Amino acid sequence: MSFGLVRAHLRQAAVLGAALVAAAVCIGQARAGGPTFRSYNADQGLTSLGGDCLVQDRGGFVLVCTEDGVFSYNGRKFDALGPDQGLRQGGYVYDIAVAASGRIAVRFTDEVLVADRVTDDTHSPLSLTFRTVQHPGLTFFEDQKHHLVAWQDGFALLTGGTLEKIVLPGAEPPRVEVMGYDPVERAQLAGAAQVFSVHGHLWLASEDGRLCAADPGRVKCYGAADGLNGERLTDVVAGDGDAVLARSANSVATFDPDRGRWTVAPLPDQGGRYRGYAWSLGLFRTPDGGLVTQADHGLAILPRGSAHWRTMSVSEGAPSGTMVSAMTDATGQLWFKMFGMGLKRWVGYGRWETLQKSDGLSDGIAWRTARAPGGPLWISTDTGVDQVRRQGGSLTVSHVFAGSSYALAAGPHGALWAGDGNEGLGVIDPDTGALARIRMPAVNTIVAGLGDDVWVGTRSGLFEVDRRAGEPPHARLAASARTQVTDVAEDTSGGVYYLSSGRLRHHRHDGADAAILQTWPVNGFEPVSLAVDHSGNVWVGGAGGLFRLSLSGDHVTSTLSVATSDTRSNSIVAVMVDHRGWVW
C-alpha cells in the first residue's frame, strides 16, 4: 500500500512521499526506531531490474540504466525510453550522464547517443530525441560502467583504453574528437580502466591501482609512492572543499590537494561479498553531506563531519540484496539501485524512524497519532493504544490499553481521548494511567476544541463532551442523530464544521446547526475528510477530488476544485493545515 501527501496552494501543489508504518503487538516496553525503505520495481513500471547506474536529470526525472534500456521515473511511474525517443529497443545500458547544459547521454556497449535538448518541468524524457554520436574509426566494447562522464560543455568517453571527448555542436550531430593530450600524457594514461569527473576535472583509474588527474595539459598520476595502496580504484568522488575521495575493494583513499598526497583508511565489514560486483563499489553522497557505500552485511555510512565509518546491517534495517549504485536527488531523497530487485528509497533519511512489529506497536495497522505539548507520542491501532517516548537516542514503546482504536486526540488538561472499538470513547489520564469510558456509538473522529469541549464524530451523530477540570466527562448528542459523521474540523469561534451523510454542516458555538452544502460540484463525490485553513476556508477531500470552499457566514461564496494533476489522486482520505497555514 502507498499513500501520497500533498501540500496545496492556490496555484500549485508540491508532492512528497509518505509512508504507512507497519506495527504489531508488544508486552511491556521495547526499543524502537530504524530506517524506512520504499521499493520500486515492476509494479511501478520498472520491468527490467538489472543494470547498475542511477542519475537525476535537470528536470528532476530519475533515470535508470537497465539490461533492457533506459527507464525514467516521473514521481508516479517508470516509463521505458526506446525507438520513439531515438534509442534502440532494449539493450544493456552501462552509463547515463547529464552535461552541464542539461543534455543527456546514454552509452550502450557499441553506441553513445545524446538527447537533442534538455528536460524541464514541462518536458519529460519521453519528449526527447536522441542522436547517435559520430565516431569514425572508434569501436566501443566496454561492458562496465564509468566510461562516459559529463565534462566541460559535453562529455568525455573512455574507449579502448583511450579518453576522447564528445562535443555538442548546436544543430549538428554530436561527435567524438581527439582529446588534446601530448604524446607523453597519452603514454601516462595508457591502460585506463574507468573515467570520473570530479570538481569539473577528469580522473582516470588504471588496472594497476594508479589514479591519474587527466585534464589535458595537467596530467599527473599517483601510485604507491604518493600514498595509494595498489588496490584498483572503482569510484572517485568529490570530498569536502577541494578534496578527492576514491574507493577500492577494502578502503577509501583521500587526496589532500595542498600536500599532493593520498591517505588510505580501511572500510568496515569488507570481506569479499562484492567480489563479483567490484565495478559497482562506489562512494555516494547522503542527504546530509555524508557518504554511504556497500558493506558485506549491509551499508557503511560516514556521517558528515565524522572521521569514523559506522555499519548498518540488514538486521538493523539496511536493505537486503546487492547494492550497485546510489544517489541523493535534488529534494534530499536517498535512492539505492539493488541488482535484480529494482530501486529502494530511504524515506526521510536522518529525520524519520520506523516503528514496526519488532519494536512493540500493538497491531499491524496504525491509524492516528496525538501528542500533548511536552508529552509523549500516542499511536492508535487496530488492537490498542501505545505510548512512544524518546530515551537517550532510542524510542521506547509501551502499551496503554487494548481494544480497536481508530480515532485519537490530545484533549483538555493533558488527557488522551481514544476511540474504544464499538464501545464508545476512552479518556486516559497520562499521569495516573486511569481510564474512564464513555458510552456512545462507534467513534470515527475526535477533535479537541478551544476550551474544555471535545467533539466526537460517530456512526450515529455528532457528540460534544465537556471535560472541565475535576468533573467527570459527560457526553451529549449535539446533532445528526442516527447519521454517520465521518470528519469534524473546528471553526475559528468554538464551533465545528462536520461531514454528515455526505453533506457539509456547521454546528455553531451557540448551538445552532446549519447545512452548508448538500450538492457537490462533481457528481458522485463522496466527502471523507475536511480541514479549516487560517483564512477560514473549508477544504473537503474524498472519493472524487479536493475542494476549497470560501464562506460568508454559512453560505458558500466560491468553490475551488484542486486538479487531480496536482493532488496526484482523485481519492483524498485526509486533509490537514499546519502551523504555517499550508494545506496538506
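The values are calculated or read from the model by the stated rules, or taken from the named source; none is laboratory data. From a predicted model like this one, the values you see are computed outputs, not experimental measurements. Positions of Cβ are backbone-derived with ideal geometry, glycine not excepted, and every protein chain shown enters the neighbour counts. Each accessible area value is taken on the protein alone, full model and side chains, heavy atoms only, with ligands, DNA and RNA left out. Shrake-Rupley method; radii C 1.70, N 1.55, O 1.52, S 1.80 Å.
Quick notes on this structure:
- First in segment 118-134 and touching a residue at least 12 places away in the same chain (Cβ under 8 Å) and part of a loop (DSSP other than H, G, I, E, B), second anywhere and of a type in the set (Asp, Glu) and buried (at least 16 other Cβ atoms within 10 Å of the Cβ), Cβ under 8 Å, 6 or more apart: Val118/Asp57; Thr119/Asp57; Ser124/Asp79; Leu128/Asp116; Thr129/Asp116
- Selected residue [more than 28 Å from Gln484 (Cα to Cα) and either at pLDDT 80 or above or surrounded by fewer than 21 Cβ atoms within 10 Å (Cβ to Cβ) (or both)] from Ser380, Ser398, Ser405: Ser398
- Screening the candidates Ser306, Ser362 for the property of being part of a loop (DSSP other than H, G, I, E, B), under 30 Å from Asp420 (Cα atoms) and hydroxyl-bearing (Ser, Thr, Tyr) yields one hit, Ser362.
- Ala481 vs. criteria hydrophobic (A, V, I, L, M, F, W, C) and either buried (at least 16 other Cβ atoms within 10 Å of the Cβ) or in a strand (DSSP E or B) (or both): no
- Subset of segment 427-462 [without any contact (Cβ under 8 Å) to a residue 40 or more places away in the chain, at negative phi and of a type in the set (Gly, Ala, Ser)]: Ala434, Ala436, Ala442, Ala448, Ser460
- The set of residues in segment 265-302 being surrounded by 20 or more Cβ atoms within 10 Å (Cβ to Cβ) and aromatic (Phe, Trp, Tyr) consists of Tyr274, Phe284.
- First in segment 285-305 and of a type in the set (Lys, Arg), second anywhere and assigned to a strand (DSSP E or B), Cβ under 7 Å, 6 or more apart: Arg285/Leu291; Arg285/Thr328
- Any chance Asp84 is out of contact with any strand residue (DSSP E or B) (no Cβ under 9 Å at 6 or more places or on another chain), modelled with pLDDT of 95 or more and outside any strand (DSSP E or B): yes
- Flag if Ser101 is in contact (Cβ under 8 Å) with a residue 24 or more places away in the chain, hydroxyl-bearing (Ser, Thr, Tyr) and under 17 Å from Met327 (Cα atoms): no
- Residue ID - surrounded by the most Cβ atoms within 10 Å (Cβ to Cβ), chosen from residues in segment 516-532 that are within 24 Å of Ile446 (Cα to Cα) and out of contact with any Gly (no Cβ under 6 Å at 6 or more places or on another chain): Leu530
- Of all residues in segment 304-350 being touching a Pro at 6+ places or on another chain (Cβ under 7 Å) and open to solvent by 40 Å² or more (accessible area, probe 1.4 Å), the one that is nearest to Ser72 (Cα to Cα): Thr328
- Within segment 547-584, the set of residues being farther than 25 Å from Ser493 by Cβ and either of a type outside the set (S, T, N, Q) or under 23 Å from the mean Cα position of the chain (by Cα) (or both) comprises Val562, Ala563, Thr564, Ser565, Asp566, Thr567, Arg568, Ser569, Asn570, Ser571, Ile572, Val573.
- Residues that are surrounded by 15 or more Cβ atoms within 10 Å (Cβ to Cβ) and either polar (S, T, N, Q) or on the phi > 0 side of the Ramachandran plot (or both) within segment 153-180 comprise Thr159, Thr162, listed in sequence order.
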